[in-house]
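Below: one structure, written as structure tokens.
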Amino acid sequence: MRIYKRNCNLCGKYYEGRGEYFCSTECRNIASNGYIVLFLPDLHLESNKEQTKAFKTVLNFIDKTSPDIIVWGGDFLEMSCFSKWNHGKPLLLEGKRYIDDCRIGREILETISLRCKRQVYLEGNHEDWLNRYLESHPELCGKLDLRIDLGLNDIGIKYIDVNTPFSIGKLNFIHGWFYNKYHTTSTLDKYQNSIFYGHTHDHQSIIRTNWSSREPHMAMSLGCLCSKNPHYLRNKPQNWINGFGLFEVRGDGFFTPHFIPIINGIFSYGGEVWK
């Protein structure tokens, strides 16, 4: 019998086995019966800062509902230690340690793995700061590795390189390509298929009907789970909103998207108030 070497159509994990599309019977059954995907954007976690009320509420939601798949939408860590914007500004780096941030991040990922076995980690532009830092400090290559330092392989989390989309059924996710005023239009023009992302920290959407397939294609940004007033904004106005994406995916791969805004650490879904 043929042995396949590919990525699972549901969880994205690479496997070698007899399954033509899925790494396990469980994944195949979930895909055929429908499933829930959470897209959690832009946490910007730092060990020396408290997690936002919005994220704490999402953790409670995950604990009670056990979604089938969680996609971390990039910028899971702030990565201040490697930011070019902090170069030459030692005051901004006081108390910040990359390894401490990874330790806290790993604890979160391990805890969530008890409620959701299928997690995917999209590399954001902040994680990419480490790649750029290593380009200037090659002596540290092999010493600093985000996949290892977060324990992603140990936990069983698939890592997607920066600017690379990840697909589940007819769903496509990316950290984000654009930051202009009409970024959803730019994203849909480039991708030509439904795609959801974070990066901009705001909520914006556009939908078009594909002429040949008659299927709707949409691009949507899904807010953020970090502070809406970080120090570098210095209280300037912006359009950021705390929130996340929840997708009800049918067995045929089609889906219903929900943007869940979180106001003061509270949101409503499924007839319940979560806080």
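The values are calculated or read from the model by the stated rules, or taken from the named source; none is laboratory data. All of these numbers come straight from a predicted model, not from anything done at the bench. Because the Cβ atoms are built from the backbone with ideal geometry, glycine has one as well, and the counts that use them run over all protein chains shown.
Matching residues to (1) β-branched (Val, Ile, Thr); (2) crowded, with 18+ Cβ neighbours inside 10 Å:
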residue: ILE3; (1), (2): yes, no
residue: GLU16; (1), (2): no, no
residue: CYS27; (1), (2): no, yes
residue: ILE30; (1), (2): yes, yes
residue: LEU38; (1), (2): no, yes
residue: GLU50; (1), (2): no, no
residue: LEU59; (1), (2): no, no
residue: SER66; (1), (2): no, no
residue: ILE69; (1), (2): yes, yes
request  = Go through the residues of the stretch 61-78 one by one and say whether even a single one is touching a residue at least 40 places away in the same chain (Cβ under 8 Å), over 30 Å from VAL249 (Cα atoms) and more than 20 Å from the chain's Cα centre (by Cα).
outcome  = no
Selection status of ARG147, closer than 24 Å to ILE70 by Cα and basic (Lys, Arg) = yes
query = Which of the residues spanning the stretch 87-101 are under 20 Å from ASP128 (Cα atoms), of a type outside the set (D, E, K, R) and outside any helix (DSSP H, G or I)?
reply = HIS87, GLY88
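This table checks each residue for (1) in a loop (DSSP other than H, G, I, E, B); (2) of a type in the set (Val, Ile, Thr).
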| position | (1), (2) |
| --- | --- |
| ASN48 | yes, no |
| PHE61 | no, no |
| VAL71 | no, yes |
| TRP85 | no, no |
| ARG103 | no, no |
| GLU110 | no, no |
| ARG132 | no, no |
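Looking only at the stretch 221-265, count how many residues are more than 29 Å from PHE22 (Cα to Cα), modelled with pLDDT of 95 or more and surrounded by 14 or more Cβ atoms within 10 Å (Cβ to Cβ).
The total comes to 12.
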Count - residues of the stretch 113-127 that are farther than 11 Å from PRO67 by Cα and small (Gly, Ala, Ser) = 1
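Might you check whether a residue that is in a loop (DSSP other than H, G, I, E, B) and either at negative phi or touching a Leu at 6+ places or on another chain (Cβ under 9 Å) (or both) occurs anywhere in the stretch 216-223?
So in the stretch 216-223, the residues in a loop (DSSP other than H, G, I, E, B) come out as 223.
Next, from what is left, pick out any that are either at negative phi or touching a Leu at 6+ places or on another chain (Cβ under 9 Å) (or both): none.
Within the stretch 216-223, none of the residues are in a loop (DSSP other than H, G, I, E, B) and either at negative phi or touching a Leu at 6+ places or on another chain (Cβ under 9 Å) (or both).
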request  = Could you give me the residue pairs with C-beta distances under 9 Å whose first residue belongs to the stretch 3-17 and is closer than 17 Å to LEU171 by Cβ and assigned to a loop (DSSP other than H, G, I, E, B), whose second residue is among the aromatic types (Phe, Trp, Tyr) and at pLDDT below 75 wherever it lies, and which are 6+ apart or on separate chains?
outcome  = CYS8/TYR14; CYS8/TYR21; ASN9/TYR21; LEU10/TYR21
task = Considering (1) out of contact with any Ser or Thr (no Cβ under 9 Å at 6 or more places or on another chain); (2) of a type in the set (Gly, Ala, Ser); (3) within 21 Å of SER194 (Cβ to Cβ), say which one GLY271 fails and leave the rest.
result = (3)
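For ASP161, state whether it is among the acidic types (Asp, Glu) and either at pLDDT below 95 or within 21 Å of PHE76 (Cβ to Cβ) (or both). Steps first, please.
Values: among the acidic types (Asp, Glu): yes; either at pLDDT below 95 or within 21 Å of PHE76 (Cβ to Cβ) (or both): yes.
Taking the combined requirement at face value, the residue satisfies it.
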